[in-house]
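One structure is given below, encoded as structure tokens.
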Amino acid sequence: MNIRPATQEDVEFLQKMLYEAARWNPDWPREPMEEVLAEPMLTRFHEGWGRPGDAGVIAELDGVPVGAAWYRLFTAEEPGYGFVDEKIPEPPPLICGLPFFPDCPADSPPPGQGTPKPGKTPKP
């Protein structure tokens, strides 16, 4: 296993990872990747990736990318969904049950696919 810094050349792989994480539940519909990545919550975390304030790592096995982790810095004028300030990085908010959406039920619909059950609204 090799861990290396992510570069602008990795944007396609980061998009693939973002898509897979956003549609992790096999019971959810599998819309085309381009459609899912066009959702505003997800677009903010891949569009123009590699700008100042973006950083990440790519995990490789025998030279083939197998995983990724990344974050972006946002500005007060264009904040992310978990914006605190311009110096605190924000990872993509993707999966129920992780610190990003701790109260999100496992059977919630995917982003853009309806409304979670009453009382179980994901925390932005």
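The values are calculated or read from the model by the stated rules, or taken from the named source; none is laboratory data. Given the structure is predicted, the values throughout are model-derived calculations rather than measurements. Please note: Cβ atoms are built from the backbone with ideal geometry, for glycine as well, and neighbour counts cover all protein chains shown.
Residues in the stretch 5-15: is at least one free of Cβ contacts under 8 Å to residues at least 40 places away in the same chain and in contact with a helix residue (DSSP H, G or I) (Cβ under 8 Å, 6 or more places away or on another chain)? Looking through the stretch 5-15, at least one residue is free of Cβ contacts under 8 Å to residues at least 40 places away in the same chain and in contact with a helix residue (DSSP H, G or I) (Cβ under 8 Å, 6 or more places away or on another chain).
Here is the figure for the stretch 55-65: residues that are touching a residue at least 40 places away in the same chain (Cβ under 8 Å) and either surrounded by 13 or more Cβ atoms within 10 Å (Cβ to Cβ) or charged (D, E, K, R) (or both) total 7. Scanning the stretch 16-27 for residues that are modelled with pLDDT of 90 or more, in contact with a helix residue (DSSP H, G or I) (Cβ under 7 Å, 6 or more places away or on another chain) and hydrophobic (A, V, I, L, M, F, W, C) gives a single hit, L18. Taken over the stretch 8-54, the residue count meeting the criterion of being acidic (D, E), surrounded by 15 or more Cβ atoms within 10 Å (Cβ to Cβ) and in a helix (DSSP H, G or I) is 1. Note on the stretch 67-89: among residues that are part of a strand (DSSP E or B) and in contact (Cβ under 8 Å) with a residue 24 or more places away in the chain, the one that is farthest from Q15 (Cα to Cα) is R72.
Quick check: anything in the stretch 75-96 buried (at least 19 other Cβ atoms within 10 Å of the Cβ) and over 14 Å from the mean Cα position of the chain (by Cα)? Lay out the reasoning, then the answer.
Of the residues in the stretch 75-96, the ones buried (at least 19 other Cβ atoms within 10 Å of the Cβ) are 80, 90, 92-94, 96.
Remaining after also requiring over 14 Å from the mean Cα position of the chain (by Cα): none.
Looking for residues that are buried (at least 19 other Cβ atoms within 10 Å of the Cβ) and over 14 Å from the mean Cα position of the chain (by Cα), one finds none in the stretch 75-96, hence no.
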